[in-house]
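Quick notes on the structure that follows.
The values are calculated or read from the model by the stated rules, or taken from the named source; none is laboratory data. Quick caveat, the model's predicted, so the values are computed rather than measured. Every residue, glycine as well, gets a Cβ built from its backbone with ideal geometry; the counts of neighbours run over all protein chains shown.
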Amino acid sequence: MNVGLEHYLTVSAMLFCLGLLGVILRRNVLVIYMSLELMLNAANLALVAFSRFNENLTGQMMVFFIITVAAAEVAVGLALIVALYRKRQSAHVEDLTSLKL
Amino acid sequence: MAFPDILFYLFAFLTLLFGALVVANPFSRNPVTSAMFLVLTICAMAGLFVLLNAFFLAAVQILVYAGAVMVLFLFVIMLLDLKEEQRRKINLFGIVTGMGSVLGLGFLLMRTIWGGDLEQAANPSVIGDTKALGLELFTKGQFLLPFEIVSVLLLVAMVGVILLSKKELK
């Protein structure tokens, strides 16, 4: 069986599930952030696969913009984590519960 | 089996293996290990991009993700000086709900992907090299406004990061 769109989408879906599992299970804020990156990359893979098998470059343009926005998002998110760590001296989600009633 | 197909299975396997090691590494709970495996995941994924003829994006993936973003991650990990994560008590509720939602989502995605017949070209010939993407980006007119907005977004992010990392947060 030739490798087609389904195979790439399957890899993308499995990677997305892995990222989601990491976000739910891990307690370290930094590792949660890395799992988020994993999910973002899974979406990128799906878009590139669609772009290839539909003979259309628009999907790849979308990935181009997503990578740019992800870079900005990582910078802001990590700055937030550093600021939070300065206040709380902890990078565990269980120690960051000041919004809890 | 053709040679590109073998390469696809190789890169897909590597991507998923390294991705699993980012999320749950049985040998180490150090964030630095996760970051290093994330670099490997991204490199394997760049291989998949090359197989999909998206050469420019494969290069950008390595440059931006494996280069810039991961250096930023490692900087922050070293800056925070995290101690080895001590084993807290296993959160059974979290594991059950996490596994349940992930299995449900996975089942749903697999049924959607393999259930209906997806439209796809028999012999795809589109090539995403630098020239094709540049022409698409700058001559169609359709992406000029988003391009400008993204550049403003990068500026805003830069100003925001500088403000957030000042010593005194008011």
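Computed values, structure above
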| item | result |
| --- | --- |
| Criterion (at pLDDT below 90 and surrounded by 22 or more Cβ atoms within 10 Å (Cβ to Cβ)) met by exactly one of B:PRO31, B:PRO26 | B:PRO31 |
| Meets criteria (of a type outside the set (Val, Ile, Thr) and outside any loop (DSSP other than H, G, I, E, B)) for B:LEU63 | yes |
| Residues satisfying the stated conditions in segment B:66-101, i.e. at pLDDT 90 or above and not in a helix (DSSP H, G or I) | none |
| Search result, residues across segment B:113-128 that are assigned to a loop (DSSP other than H, G, I, E, B) and loosely packed, with under 13 Cβ neighbours inside 10 Å | B:GLY116, B:ASP117, B:GLU119, B:ALA122, B:ASN123, B:SER125 |
| Count - residues of segment A:74-95 that are more than 7 Å from chain B (Cβ to nearest Cβ) and under 14 Å from B:ILE162 (Cα atoms) | 1 |
| Selection from segment A:1-27 of residues that are outside any helix (DSSP H, G or I) and not small (Gly, Ala, Ser) | A:MET1, A:ASN2, A:VAL3, A:ARG26, A:ARG27 |
| Single condition A:VAL29 does not satisfy, out of (1) more than 7 Å from chain B (Cβ to nearest Cβ); (2) touching a residue at least 40 places away in the same chain (Cβ under 8 Å); (3) under 30 Å from B:PRO124 (Cα atoms) | (3) |
| Filter result for A:VAL63 (within 14 Å of the chain's Cα centre (by Cα), farther than 18 Å from B:ALA46 by Cα and modelled with pLDDT of 90 or more) | no |
| Residue in segment A:83-92 that is surrounded by fewer than 16 Cβ atoms within 10 Å (Cβ to Cβ) and within 27 Å of B:ALA59 (Cβ to Cβ) present | no |
| Search result, residues across segment B:15-31 that are part of a helix (DSSP H, G or I) and without any contact (Cβ under 8 Å) to a residue 12 or more places away in the chain | B:LEU16, B:LEU17, B:ALA20, B:VAL23 |
| Candidate set: segment B:53-83, residues that are at the interface with chain A (Cβ under 7 Å from one of its Cβ atoms) and touching a residue at least 60 places away in the same chain (Cβ under 8 Å); chosen: the one surrounded by the fewest Cβ atoms within 10 Å (Cβ to Cβ) | B:ASN53 |
| Those residues of segment B:34-43 which are more than 10 Å from chain A (Cβ to nearest Cβ) and in contact with a helix residue (DSSP H, G or I) (Cβ under 8 Å, 6 or more places away or on another chain), in sequence order | B:VAL39, B:LEU40, B:CYS43 |
| Yes/no for A:ASN28 being closer than 26 Å to B:GLY47 by Cβ and touching a helix residue (DSSP H, G or I) at 6+ places or on another chain (Cβ under 9 Å) | no |
| Unique residue being more than 7 Å from chain A (Cβ to nearest Cβ), under 14 Å from the mean Cα position of the chain (by Cα) and crowded, with 20+ Cβ neighbours inside 10 Å when the list is B:PHE49, B:PHE11, B:PHE18 | B:PHE18 |
